[in-house]
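Presented below is the structure to which this report refers.
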Amino acid sequence: MIHNHLSYDDADNNSVDSNYDIEIPTITTTGSVDALVTSATTTSLDSIKYDAATIKAEFKTYQKILPHPDKLLQEQHSFTYLRKKIEESEIDMPRFLKYKFEGGIKPHIALCCLLLGEYEAELKKQKECEKDNKRRKPKYDNHPWGIYPFLVKILSFGYLHNQLNNPADYIRDQFFRVAHVIPTHVVPSDVLRKKIKNKGLPVPNYFLDPDDPRQFPPHIALLVMLQDGEMESRKLDSFLNRLVFSSFALISLLLRIVLEVIGGAGAIWGGAEVVKLRNADNAELWRWLSIGVGVLCFARFVTLNVPYKEDEGDILGPAGPWSLRLSLRLRAVCDHPFHYFVRALPPSTPKKKVD
């Protein structure tokens, strides 16, 4: 039985009532993002719609004064800094950077409006494909490396998938995993996190608590997505960038194999000779001992380097390697070169409306 008279405003965080999870409409129950837009305008925008089209139109007015997407993620400019920068340029303040008394809207709500719009568009594409009885194009068709994702899946027996190294793709992928439980009513960020956690889903990094070291601000995620809509972040997928970092990751991976696997086996073989335990009579025994140690070293190497689902949004930065400064990015790729190429999480897929 659901008690409709309860609300999050009445929550008592010091009692069991704080565990009560109130039913709030989502895109899977309403089938539309309109409820979020309507709710947002009713509470703070005086009946002026603040949908994806409005957010994108606003973006064009201040687009030129923003740093590149990778710089935005690396420096994570504060809400106040961006406001000051826009004010100095004498440009109208976008609503997600306005305060409440100015008729503003919270950045996490604006981000939900934008990404739920994309999510809804993906759902429509799925329905159109079903009506036409056509198979949807595999995701690797549009991948810059052609059929690379398909090969990764085949060679790993379906366990691994191609890594997303572009920040916008990373942000979108994290959101699409939880979009079906995102409330279509305006809710505080802590309620949003609670809704996601209660469904057993991973909270996207930009919705995490600000005190979490993996968090990056939702207004930064929103700006990165808007820049991606204008193709600004696609330079990160350039052939030169892919070649340089892929080569670095591959060399790092090979060096780790040499040092951690072959080096372990070689240490047994060479060490036995140094202390005069190995000679011509027992060389075959020490050869097999070295091979055995090499096998154990390889098992350790696999355990430490194989991707896990829990690695997302952590090992290679909160939004992939480009969300880290160059020195930190190189260190992250050097520490976890295999993660630069593959990950354990499969591509996210929009879920249909619940009847």
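The values are calculated or read from the model by the stated rules, or taken from the named source; none is laboratory data. Quick caveat: nothing in here was measured; it's all calculated off a predicted structure. Neighbour counts run over all protein chains shown; Cβ positions are idealised from the backbone, glycine included. For the accessible areas, the whole protein counts, side chains as well, though only heavy atoms, and no ligand, DNA or RNA atoms are used. Shrake-Rupley method; radii C 1.70, N 1.55, O 1.52, S 1.80 Å.
Given +1 at the Cβ of Lys and Arg, -1 at the Cβ of Asp and Glu and no other charges, the dipole of segment 140-215 around its Cα centre is 280 debye to the nearest 20. Here the dipole of segment 276-353 is about 340 debye; that uses its Cα centre as origin and unit charges on the Cβ of Lys and Arg (positive) and Asp and Glu (negative). Less than 5 angstrom separates the built amide H of THR26 from those of THR184, all sequence-distant by 5 or more or on a different chain.
The spacing between segment 197-265 and segment 54-107, judged by their C-alpha centroids, is 24 Å. Around the Cα centre of segment 270-312, unit charges on the Cβ atoms of Lys, Arg, Asp and Glu (plus for the first two, minus for the last two) sum to a dipole of about 200 debye. Both radii are taken from the alpha-carbon atoms of segment 277-355; with Rh as the Kirkwood radius, Rg/Rh is 1.29.
Kindly state, to the nearest 0.05, the FRET efficiency for LYS98 paired with PHE157, given R0 = 51 Å and r defined as their beta-carbon distance.
0.50
Expressed as a fraction of 2.2 N^0.38 Å, the C-alpha radius of gyration for segment 208-355 is 1.50. For segment 141-288, the fraction of 1.4 Å probe accessible surface lying on carbon and sulfur atoms is 66 percent. Legend: calculated FRET efficiency, LEU259 to ALA344, from the Cβ-Cβ distance at R0 = 35 Å, rounded to 0.05, equals 0.90. A Förster radius of 56 Å, combined with the Cβ-Cβ distance separating ILE291 from SER89, puts the computed FRET efficiency at roughly 0.25.
Averaged per residue, segment 178-280 has 49 square angstrom of accessible surface, using a 1.4 angstrom probe with ligands and nucleic acids left out.
The figure for SER290 is an accessible area of roughly 10 square angstrom, using a 1.4 Å probe on the protein chains alone.
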